[in-house]
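Right, one structure below, let's go through it.
The values are calculated or read from the model by the stated rules, or taken from the named source; none is laboratory data. Predicted, not measured: the structure shown is a model, and the values here were computed from it. Cβ placement follows ideal geometry from the backbone for every residue including glycine, while neighbour counts extend to all protein chains displayed. For the accessible areas, the whole protein counts, side chains as well, though only heavy atoms, and no ligand, DNA or RNA atoms are used. Shrake-Rupley method; radii C 1.70, N 1.55, O 1.52, S 1.80 Å.
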Amino acid sequence: ALEVIEWWAKAEDAITEGSRMLDGKKGDGIQRLHEMLNEAKTLLASEKPREAFDYASVIPTQLEADGDAQERAIASLKEAKRQLSQADGLDTTELKTRLDNAEVAIEEGNASQAIGLADGVVRTIEKERAAMDDVLRALKQRKKLVERYQGRSDEEKWALALEEIDQAAQAKSWSHAGMLLEQMTSGLDKEGKASDDVLELYDFVMDEWRSLRNRCEAADISIDDEDRRECEQEIALAEDMLGVSRIEECLDHLSKADAAMERLRRRI
């Protein structure tokens with residue numbers, strides 16, 4: 001009885017104010033508040049005015065928060081539209097559809113959904129623009145890119161990779177083109193490092209062979225000698241393979257040359 005005396009009027013006032021504030025408003029968030037208001041009315045009818053007040057009194061605060069979210073959604077949509085208007089060179093068809101959906105979400109009171117869609121459009125534009133800049137910069141320096149694989153045994157493979165980048169760029173699929181470019185440059189970097197390493201090994205073997213060859217001459221091991229002839233042949237083949245960046249074959253020939261050199265050392 002004391003609870004009814006103390007809280008009944010407060011609960012009624014809170015329910016009345018909540019009803020007034022929700023009148024005419026729509027949206028998923030508003031629907032949730034209508035459900036809270038109905039629950040407050042049910043609690044009051046069950047002579048639980050304090051619980052009814054707790055439910056109804058939340059509605060103004062929640063409405064204020066929803067209003068702030070709605071304003072943020074409108075601001076996000078405005079920024080996304082601004083970015084989209086400056087997205088020259090990008091395929092904006094799907095982005096425009098997402099912004100249309102964001103506008104519908106705002107009209108329906110789904111502020112969080114609208115913010116997610118609009119902000120997602122901005123992030124996509126930034127990502128696509130960055131990828132476009134990288135790809136166009138690389139294609140402008142195509143000659144330098146081609147020089148990195150020209151003359152290699154797998155030149156055709158890299159030429160096809162560059163053609164795929166071209167096709168993706170023409171289709172304005174900049175993120176995809178950027179991914180292909182990254183794969184190509186990373187692959188060339190990796191193989192370039194491997195070529196540098198095997199070149200260093202080749203130079204070392206050559207230095208060893210120059211010294212050993214002089215000792216062979218002094219020991220009357222002529223060019224007709226089987227071990228010496230094999231060593232000369234394997235080094236020549238290694239040089240040929242190195243010239244076309246066939247790393248594994250080059251290493252195999254260097255290994256055979258080293259074995260022939262070791263046989264010559266033992267004989268000397």
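Residues that are surrounded by 13 or more Cβ atoms within 10 Å (Cβ to Cβ) and under 22 Å from ASP66 (Cβ atoms) within segment 3-21 comprise ASP13, ALA14, ILE15, GLU17, GLY18, SER19, MET21, listed in sequence order. For segment 100-111, the candidate set comprises residues that are without any contact (Cβ under 8 Å) to a residue 60 or more places away in the chain and not hydrophobic (A, V, I, L, M, F, W, C); within that set, the residue that is least open to solvent (accessible area, probe 1.4 Å) is GLU103. Filtering LEU160, LEU180, LEU145 for residues that are loosely packed, with under 13 Cβ neighbours inside 10 Å, within 30 Å of ILE247 (Cα to Cα) and aliphatic (A, V, I, L, M) leaves a single hit, LEU160.
Can you confirm whether GLU200 is assigned to a helix (DSSP H, G or I), free of Cβ contacts under 8 Å to residues at least 12 places away in the same chain and not aromatic (Phe, Trp, Tyr)? Taking the combined requirement at face value, the residue satisfies it. Give the number of residues within segment 53-87 that are outside any helix (DSSP H, G or I) and open to solvent by 60 Å² or more (accessible area, probe 1.4 Å). Of the residues in that region, 1 qualify. Any residue in segment 88-99 that is without any contact (Cβ under 8 Å) to a residue 60 or more places away in the chain, open to solvent by 20 Å² or more (accessible area, probe 1.4 Å) and farther than 30 Å from LYS172 by Cβ? No. Checked against (1) out of contact with any helix residue (DSSP H, G or I) (no Cβ under 8 Å at 6 or more places or on another chain); (2) of a type in the set (Ser, Thr, Tyr); (3) at positive phi, SER245 passes all but condition (1).
Just checking, does segment 63-76 include any residue being under 30 Å from GLN170 (Cα atoms), among the hydrophobic types (A, V, I, L, M, F, W, C), modelled with pLDDT of 90 or more and within 28 Å of the chain's Cα centre (by Cα)? For segment 63-76, residues under 30 Å from GLN170 (Cα atoms), among the hydrophobic types (A, V, I, L, M, F, W, C), modelled with pLDDT of 90 or more and within 28 Å of the chain's Cα centre (by Cα): absent.
Just wondering, is there one or more residues in segment 65-82 that are more than 30 Å from THR124 (Cβ to Cβ) and touching a helix residue (DSSP H, G or I) at 6+ places or on another chain (Cβ under 9 Å)? Within segment 65-82, none of the residues are more than 30 Å from THR124 (Cβ to Cβ) and touching a helix residue (DSSP H, G or I) at 6+ places or on another chain (Cβ under 9 Å).
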